[in-house]
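Okay, so here's the structure we're looking at.
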Amino acid sequence: MIQADSQEHQRLSPDEINDFRKKGYLIYDRPVLPQAKFDALKKHFEKLLADLPADIRPESMDVPHFLDPELFQWLFADEVLDLIEPILGPDIALFSSHFICKPRGDGRRVPWHSDAYYWTGMLDPMEVVTVWLAIDPATPANGCMYVFPESHDGKRRDYVDVDPIANVFPTEIRQDLLDESRAVPCILHSNQASLHDGRLLHGSPPNTSDLRRCGYTMRYMKSSTRFNPEFSEGHAVFLARGKDYCVNQFADPTKAHPELLSWRHKRWKKGH
């Protein structure tokens, strides 16, 4: 289990930290960013969305920071890292990020899964915390995320194929292994966030409402976590705060990295 505390950069109460460790997730129901900084992020996202090619679904805006270094002003924002440091400690690396935008009316379902399943072999240890920042309000009506509390046990679960057109990615945990009545909705206003352990089971229904639902997932690990070099041609990690333990070659956040994407699309499992 992730065990770390930090007093200097502390945005979470002791009870919130304990809840996260016990349940594997936390609803942060206060503003994450100052309003002007959040408004700038949303404006930036709207431009990225408007420039998206017509044949690319908006749910598929994965690793946008590889091509857009400007995003690091939010990915490395103290307000975000101060949510992570009480859990992971002061030495933090950015593992990944993803705009998951479900358009109104036909937003795709996110199948039941654990993020860590799609990262098998990449990280040692497998300890990642995701900040799911609500760009739009997220409710059951427009397809908010649902989580299974205390499911971050790391147990291996069987996956099956699902319809790749109706779903954001084409595999999910066998539904006979889940009791969906236990799933809890993560209801958020804009500029609020949920935090979840990378091993937590979660998913979300389709968005058939007349309201868009977008979140920016920002994924962090300890900088001492070893990133498997076998994946280095299709991915990159970045030192966000604190000490570089020299177990990874961190990429330059001031530069775009278009060379990563073609290799990534060839080799990676289709998922987070």
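Just so you know, all these numbers are worked out from the coordinates, no wet-lab data involved. Model, not experiment: these values are computed from the prediction. A quick note on method: Cβ atoms are made from the backbone with ideal geometry, for glycine too, and the neighbour counts reach across all protein chains shown.
A few comments on the model shown:
- Per-residue Cβ neighbour rank within 10 angstrom, fewest leading, SER190, SER13: SER13, SER190
- Within a Gaussian network of the chain (alpha carbon springs, distance under 10 Å), most fluctuating of ARG174, ARG199, ARG213: ARG174
- Environment charge of HIS152, counting only residues whose C-beta is closer than 14 Å and scoring Lys/Arg +1, Asp/Glu -1: +2
- By the Cβ-Cβ criterion of under 4.7 Å, the unpaired cysteines of the chain are CYS144, CYS186, CYS246.
- Note on GLU46 and THR120: their simple-model spin labels are 4.2 nm apart, each label 7 Å out from Cα toward Cβ.
- Length added when fully stretched, ARG182-ASP19, from 0.36 nm per residue minus Cα-Cα: 57.0 nm
- The label point for GLU230 and the one for ALA256, both projected 7 Å from the Cα toward the Cβ, are 3.2 nm apart.
- As a proxy for reagent exposure, ranking THR171, THR120 by other Cβ atoms within 10 Å from fewest up yields THR120, THR171.
- Based on Cα contacts under 8 Å between residues 6+ apart, segment 14-267 shows a relative contact order of 31 percent.
- In terms of other Cβ atoms within 10 Å, ILE100, ILE17 run from fewest to most in the order ILE17, ILE100.
- Highest-MSF residue in the chain out of PHE169, PHE72, PHE99 [GNM, Cα springs under 10 Å]: PHE72
- The chain: most fluctuating residue of PRO258, PRO90, PRO149 per GNM, C-alpha cutoff 10 Å: PRO258
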